[in-house]
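Coordinate-derived values only; no laboratory data. The structure displayed is predicted, hence computed values, not measured ones. FYI the Cβ positions are ideal-geometry reconstructions off the backbone, even for glycines, and counts take in every protein chain you see.
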Amino acid sequence: MQTLVVANPKGGSGKTTLATNAAGWLAGRKQRVVLADFDPLRAATEWLARRPPLFPAIGGWTPDGAKRELKGEPPQWLVIDTPAELHGESLRDAMRRADILLVPVSPSAFDMGATRHFLDQISEYKAVQRRRARRISRRIRLSARRASAPDAGLRLLRPRWAQRV
C-alpha cells in the first residue's frame, strides 16, 4: 500500500482540500483508497459522509476509531490528512509512513516562512530523501507560481488549473 501524506504546519493551507481531492482522484482511477483524517476538525470525514454513493468508494479512518469500511480487496492507497501544527512524535510517525509527501503552500510571507522551517525539519525522511515530496502553490497566478513558494529542494508540481483573473 502506498501512503500519501498531505502536511504543512499552517492552518488554512489547503491540506484537507488537497487530501480529499487526491483521494477522489485516485478512487476515480479505480484505485482502492482509504482517507485517514488526523485533523481534529474532521472536515475530511464530513466530506466522506457527504460524498454521493454513485462516486467510487473511499474508505475512511480517524484516530478515535471512526471507520468507513472499504469492502473487497485491501486498499492500494492511504491518503493522510494531517492537522495544523503537526510536530513531535506525530510528525515523525507521519513522515516515516509517507511514500509521497504533498506540501500545500499559500503565497504569503508567513506561510512561506513556516513552510521553509517545516521542510528543514523533515529533510531526513524517506519521501523527501527519495525526492517523492512536492510543494503545491495555492491561490496564485501561473505567471507568478515559481516565485511563490520556498524551494528547499522540493520540486513544484505543475498545475492543471490555476486561479484566473
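Of the peptides 38-50, 73-85, the order by per-residue mean of other Cβ atoms within 10 Å, starting with the highest, comes out as 73-85, 38-50. For the range 40-48, backbone phi angles converted through the Karplus equation (6.51, -1.76, 1.60; θ = phi - 60°) give residue-by-residue couplings of x, 6, 6, 5, 5, 5, 5, 4, 4 Hz, Gly and Pro being listed as x. Note on Trp25 and Glu124: the model spin-label points, each 7 Å out from Cα along the C-beta direction, lie 3.1 nm apart. Here Ile100, Ile122 are placed in order of increasing Cβ neighbour count within 10 Å, fewest first, which gives Ile100, Ile122. Close amide H partners of Leu101, meaning residues 5 or more places away or on another chain with modelled amide H under 5 Å apart, are Val5, Ala133, Arg134. Distance from the alpha carbon centroid of the range 74-102 to that of the range 2-67 works out to 12 angstrom.
Taken along the Cα-to-beta-carbon direction at a fixed 7 Å, the label points for Ala57 and Arg116 span 4.7 nm.
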